[in-house]
Amino acid sequence: MKKLLRSGYTTGACAAAAAKGAALMLALQSSVSEVSIDLPAGVSATFQLHGQTFSANEASCFVVKDAGDDPDITNGAEVHALVSLFPRQGGGDITISGGIGIGKVTKPGLAIPPGEWAINPVPLRMIEEAVHSVFSPLPLAPCPLPLKVVISIPDGEERAKKTLNARLGIIGGLSILGTTGIVRPISVKAWTDTIDAALDVAKACGCETVVLSTGRSSEMAAQNFFRVKGQKSRVIDSILPLAPCPLTLPEEAFIMMGDHVAYALQACSIRSYMHPIIACQFAKMLKIACGYKNTHAAASELDLAVLKEWAEAAHVPEDNLAIISQANTAREIAVSTGFDKTVMELVSDRARQAAAVHAPGVRVRPLLCGYDGTVAF
C-alpha cells in the first residue's frame with residue numbers, strides 16, 4: 001500500500017501562530033500552551049507553543065516548523081514572535097518587522113520592495129490578523145493597543161545559505177512565505193515559485209537574457225563560461241546565430257530551473273525572454289530533445305534507441321553510431337565520442353525544436369556542459 005504523505009505548515013503560518021500566542025500571553029498575563037489560527041486555505045490549524053515568556057509590556061514564544069513530508073530547509077526551524085507595547089499612547093497600529101534570521105530584500109522584482117523585511121504579503125496579513133483577533137473581536141475595528149511584532153528565526157541566516165535567497169536579493173536570513181498556510185508534500189510549487197521569482201528579479205535588474213540550468217554543476221560551468229570574454233561569442237553564435245548576447249552576464253541572469261523545463265520556458269516567454277540559454281549536461285539535454293516537460297527520472301525515461309534513430313537518419317559517422325548503439329548511458333556516449341560536434345549538434349537541434357513546442361516563439365540556445373566543470377559545446 002502506498003504511504004500517504006503528510007502535509008505541513010508554511011513559515012507564514014508558524015509566524016502567525018507564534019504571534020497570536022505571544023499576543024495572548026501579553027493580554028492574559030499568563031502562559032499559553034497552544035493556539036489555533038485560521039489559514040488562507042480555509043481550514044483551522046492548532047500549533048504548540050514553546051519558550052513562553054511574558055511581562056507587563058511584552059511576551060514571546062516560538063513554534064517549531066513542521067513541513068510534513070516535504071523536503072524543506074526550514075523544517076524544524078524555530079519561528080519566534082515577540083509582541084510588545086509601543087512606548088506611546090493611542091491604539092490602532094500593529095507594526096510587524098523582522099529580527100534575527102529574517103532576510104531583507106535588496107533587489108527589485110519580488111513581492112516586497114527593496115529595503116523591506118522578507119515577510120511576504122499573505123504572511124504579513126496573517127500575522128496582523130492573528131494578533132488583532134486577540135485584542136478586538138471586530139475584524140475591521142482598530143486595535144485598541146499600539147503593538148509591535150518582531151518575527152525571528154535564530155538559525156535563519158545559516159539555513160538561508162542552503163537556499164537561493166542571496167541570488168534573489170534576500171540577504172541575512174530566510175523569507176516568511178506561504179499563500180495557503182499549508183505545505184503540500186513533494187510539491188513542485190516551491191520550485192516553480194522560485195523560477196518565477198528569479199525571472200522577475202532578472203527582469204527588474206535589466207538582464208537582457210537568462211541562463212536556465214538543470215543543476216548546480218551546470219550552472220557553475222555556465223557562470224565560469226560567461227566570465228571568459230570572447231569564448232562565449234564563438235560558441236553561442238556557432239550554435240545559433242541570434243540577437244547578440246552579452247559577453248558577461250550578471251548573477252541575476254542565472255536561473256535554477258531544475259527539472260521543470262517546460263514551465264521555465266513558458267515563464268520566460270511570459271516575460272519576453274525569447275532567447276534563453278539552457279545549460280545542462282548531455283543526459284538532460286537529450287531528455288529535453290525528446291520533448292519531456294520534466295526531466296526528473298520519475299517523469300521521463302531516457303531511451304537511447306531514439307538517439308540512435310536520429311543518428312542514423314542524420315548519417316552520423318559509423319564509429320560514433322557504433323558507440324551510440326552499444327552505450328548504456330548518455331554520459332558514456334558523450335565521453336566516448338569526445339563530445340563529437342555532429343552528435344552534440346544533432347541533440348542540440350532537437351532540443352531547440354522541443355523547446356519551441358513547450359513555448360511557441362521561444363528559440364533556446366543550448367549550452368552543453370561537460371563533467372569537468374567546463375562547457376563542452
Summing -39500 (n - 2.57) over every DSSP H run of at least 4 residues in the chain and dividing by its residue count gives a helix-only mean residue ellipticity at 222 nm, to the nearest 500 deg cm²/dmol, of -11000 deg cm²/dmol
C-alpha long axis of helix 216-225 to longest principal axis of the chain, angle in °: 70
Heads up, the range 8-183 by the C-alpha gyration tensor (a ≥ b ≥ c square roots of eigenvalues; a/c under 1.5 rounded, else a/b over b/c prolate, else oblate) looks prolate
Place a point 7 Å from the Cα of Ala166 along the Cα-to-Cβ direction; which residues of the range 204-229 have their backbone N under 17 Å from it? 216-217, 219-221, 223-224
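Over the chain, what is the mean sequence separation of C-alpha contacts under 8 Å (at least six apart), divided by residue count, expressed as relative contact order in percent?
Worked out over the chain, it gives 15 percent.
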So how tilted is helix 261-270 from the main axis of the chain? Cα-based, degrees 0 to 90, rounded to 10. 70
Gap separating the Cα centres of the range 309-334 and the range 137-179, nearest whole Å: 53
Global form of the chain, assessed from the alpha-carbon gyration tensor, a/c cut-off 1.5: prolate
In degrees, nearest 10, the alpha-carbon axis of helix 11-28 is tilted away from the dominant principal axis of the alpha carbons of the chain by 10
Of the cross-linked pairs Lys20/Lys162; Lys104/Lys161; Lys107/Lys203; Lys284/Lys308; Lys104/Lys203; Lys203/Lys284, which ones have a Cα-Cα span greater than 18 Å in the structure shown? Lys20/Lys162; Lys104/Lys203; Lys203/Lys284
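No value in this document is a laboratory result; all are computed from the given coordinates. Since we're looking at a predicted model, the values are computed, not measured. In this analysis, Cβ positions are derived from the backbone assuming ideal geometry, glycine residues included, and neighbour counts consider all displayed protein chains.
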